[in-house]
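The next block holds one structure in the form of structure tokens; read it before the comments.
Every number in this text was worked out from the coordinates using simple rules, so none of it is lab data. This structure is a prediction, so every number in the text was calculated from the model and none was measured. We place every Cβ from the backbone using ideal geometry, glycine too, and count neighbours over all the protein chains shown.
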Amino acid sequence: MVCVLLVSAVSVGSADAQAQRQARPPNVVFIMADDLGYREVGAFGQEKIRTPNIDRLAAEGLRLTRHYSGSAVCAPTRSILMTGLHAGHATIRGNKPTPGGTWDPESPEGQWPIPDEDFTLAEMFKEAGYVTGAFGKWGLGGPGSTGHPNNQGFDHFYGYLCQRVAHNYYPTHLWRNHDVDVLDGNAYFPSHQRITEPLASEAAYDERYRGQTYAPTEIAAEMLGWVRAQHEEHPDQPFFLYYPTVIPHVALQAPKEFVDSYPDGWDTEHYLGNRGYLPNATPRATYAAMITYMDSNIGRLLDLLDELGLADNTLVVFTSDNGTTYVSGVDRDFFDSLGELRGHKGNLWEGGIRMPTVVRWPGVVAPGSESATPSYHPDWMATLAGVAGWNARPPVGMGDGIDLRPVLRGEADTIERDFMYWEFPEGQGQQAVIFGEGGRWKAIRPRLKKNPDVLELYDLRADPGEQHNVAADHPDLVARAARIMREQHTPSRLFPFKALD
């Protein structure tokens, strides 16, 4: 277990910041990238893609080097983060569409909605006296559903309600609460296309696959305006800002000036759409540009917190929802997106669920520190309930997570927990559990639908790349993992898992 902390820095802070913290709980900004791999930011080893603002967060805060997402794809991770329930208990366990939802632009928008009875982070913050806003991709219920963000504790929402619509960065519209916001100069076109021959020029690609208004720009502007308005109108009320940016989820689309900032020589072949989503003349440069553009918007948010004098009393979390994608023109090998980690988005190997995660909390979290304490998205409900001072239920033990504040404060280099659990019913069907002292052991059933009796075991301390299955050497650990998997799965009518049910 590694936890490098500059203890003296914890007590450092201005008198104003200390007085502000005593006066009210901190603001909370939770940023979640979409399909960002473990080594796709500089603070976690990326060498080609520029991410100066995320790197700044890491320099001013804590790197959680073994922080995991709640699931392997978008919607269940969002459900797990919002409710603190792991994948064996959460309502949403896959990317199931809302009834009638198709790729037809006239079909109902949204994924299967979380129900009224699901208690969310936003509802917790509301009860704790916070004003709440969400900006980006929701994915937990479409217009008029129980899962709509305004029905789940958010005072203000702006962005994509539906993940299918979010496959295009130039959509015809976004949603502002319950109202459609039409984006100027954008006409509908399918976000999955294929061509047989490269187009004549980059301009030809732009003409086919670009609109006038880039949705992430609009989302960032709305978010920054909301923060400024809260500060001006409710200066004594803390806010919870949830920023689930759609970047870098494909399709490959980025502002031209960001694409042009990367080397022309990176791209020797056009991407023709043969692995889904939209063709692109410069796939590597565009993917890097998307991440750098995301980073620039995070920088604008951090700068605004500084300008308004809010940074010293704001906890900022940055993470991702799952690992790098395996489709479109994304070149994981070129960017070394996942380093030594096995797998990618859509599976429960380390590359699919270990996330680049940073926490900045001035005066509490030591700058430039890191912790290898295993943790995951279900922990944020308990942790942030404690941060907010919410007393309706005991913060420790809420949902399936644990309170990470001792790790954030540098008071502990480990937290006692029995296990962390995942399941994923889509694709081949998978289960995984990390357990043992320091989260040393990981058991995984990688192909439940074909081989339900196969359970592999890996020693993450010695083998973080999951290359050496040691199940035959540790039958006692295999039996323990199988018991946890059996006990933590609850059958779901919405997401049946025949191999387990």
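Whole-Hz ³J(HN,Hα) for each residue in the range 261-273, computed from phi via Karplus 6.51 cos²θ - 1.76 cosθ + 1.60 with θ = phi - 60°, x for glycine and proline: what do you get?
For the range 261-273, the Karplus-derived couplings read 7, 9, x, 4, x, 4, 10, 9, 9, 7, 8, 9, x Hz, x marking Gly and Pro.
Less than 13 Å Cβ to Cβ from Val327, Lys/Arg counted +1 and Asp/Glu -1: what total charge do the surrounding residues give? Walk me through the intermediate numbers first.
Numbers: positive: Arg194, Arg275, Arg332, Lys345; negative: Asp35, Asp331.
Net charge in that neighbourhood comes out at +2.
How large is log10 I(q)/I(0) at q = 0.06, 0.07, 0.08 Å⁻¹ when the Debye formula is applied to the Cα atoms of the chain, each weighted equally and without solvent?
-0.25, -0.35, -0.46
For Thr132, enumerate residues with amide H under 5 Å from its amide H, sequence gap 5+ or separate chain, H modeled in the peptide plane.
Under 5 Å from the amide H of Thr132: Asp155, His156, Phe240.
Under 11 Å from the Cβ of Asp267, count the other residues' Cβ atoms, weight Lys and Arg +1, Asp and Glu -1, and hand me the total.
Values: positive: Arg284; negative: Glu202, Asp264, Glu269, Asp331.
Here the count lands on -3.
Per DSSP H run of at least 4 residues, take -39500 (n - 2.57); add these up for the chain, divide by its residues and hand me the 222 nm value, nearest 500 deg cm²/dmol. If you can, show how the numbers build up before the last one.
On the way: 14 runs with 131 residues, N = 501.
Computed mean residue ellipticity for the chain: -7500 deg cm²/dmol.
Per residue of the range 425-433, what does 6.51 cos²θ - 1.76 cosθ + 1.60 with θ = phi - 60° give for ³J(HN,Hα)? Whole Hz please, x for Gly and Pro, Karplus curve as stated.
x, 7, x, 6, x, 9, 9, 8, 8
Considering only DSSP beta bridges with both partners in the range 21-417, what is the antiparallel share in %, to the nearest 5? Don't jump to the answer; show the numbers that get you there.
Details: 16 of 41 bridges.
Counting only bridges with both partners in the range 21-417, antiparallel ones make up about 40 percent.
Pull up the cross-link candidates among the lysines for Lys449, meaning alpha carbon to alpha carbon under 21 Å and not fewer than 8 places away within one chain.
Within reach: Lys96, Lys345, Lys498.
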